[in-house]
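Asks: Got a structure for you, written out below as structure tokens; questions coming shortly.
We did not get these values from a lab; they are worked out from the coordinates using the rules stated. Please read all numbers here as calculations on a predicted model, not as lab measurements. Cβ: placed from backbone, ideal geometry, glycine included. Neighbour counts: every protein chain shown.
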Amino acid sequence: MACPVINWWAVIVATVAFWVLGALWYSPVLFGKRWQKELGFTDEYLKSGSMVITFGLSFVLMLVMVFGMSLMLNFHKPEDICWLNGMYLGFFAGLFFAITAIGINYLYQRRSIVLWLIDGFYMIIGLGIAGIILGAWK
């Protein structure tokens, strides 16, 4: 197998898209208030943490995930890489790895199924969007 070819611009743009989805997903516009309720977090508690560290580290972790997906796309023939195969890769990574890993942790932590669905579907959709960008931007 040849050395992997990484399109760093695609990785960065896909990471930004994933991060922006999270900003919307966990905002009051979508699931933020329900997520907060499921965790028992108050507004004051959320404001007490360092948002720079939280947002910055979450971006770095998303970058690692998207980079990993870019590496996995290299196992396809170049002519087979497209937005649709990228989307499938992202959805499958979200469905078979992310949501299940979150589910295992939440079982032991005795978290609610609602919280699992909020966090898990964010991963499935976020990785799917990242995959679309990676696949489309060869």
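Asks: Could you list the residues of region 1-23 with an amide nitrogen less than 13 Å from a label point located 7 Å from the Cα of Asn74 in the Cα-to-C-beta direction?
Replies: 1-8
Asks: Sum -39500 (n - 2.57) across every DSSP H segment of at least 4 residues in the chain, then divide by the residue count to get the 222 nm mean residue ellipticity, nearest 500.
Replies: Details: 7 runs with 101 residues, N = 138.
After summing the helix terms and dividing by the residues of the chain, the value is -24000 deg cm²/dmol.
Asks: Now for a different question. How high is the relative contact order of the chain, given as a whole-number percent (alpha carbon pairs under 8 Å, six or more residues apart)?
Replies: Numbers: 156 pairs, mean separation 53.9, N = 138.
This gives 39 percent for the chain.
Asks: Pulled fully out, how much extra length does the chain show between Val16 and Ser50, if you take 0.36 nm times their separation in residues and subtract their Cα-Cα distance? Display every interim value, and only then the final one.
Replies: Numbers: separation 34, 0.36 × 34 = 12.24 nm, distance 2.00 nm.
Difference between extended and current length: 10.2 nm.
Asks: Explain nothing, just the number: dipole magnitude of region 1-127 about its Cα centre with +1 on each Lys and Arg Cβ and -1 on each Asp and Glu Cβ, in debye rounded to the nearest 20.
Replies: Numbers: 7 positive and 6 negative charges, 62 e Å.
The calculated dipole for region 1-127 is roughly 300 debye.
Asks: Given labels modelled 7 Å from the Cα in the Cβ direction, how far is it in nm from Val60 to Thr42?
Replies: According to this spin-label approximation, the distance is 3.1 nm.
Asks: Based on Cα coordinates alone, diagonalise the gyration tensor for the chain, multiply each eigenvalue by 5, take square roots, and list the semi-axes in whole Å, largest first.
Replies: Values: eigenvalues 177, 53, 30 Å².
In descending order the semi-axes read 30, 16, 12 Å.
Asks: Hey, which lysines would be in cross-link range of Lys47, C-alpha to C-alpha under 18 Å, not counting anything within fewer than 8 residues on its own chain?
Replies: Within reach: Lys33, Lys37.
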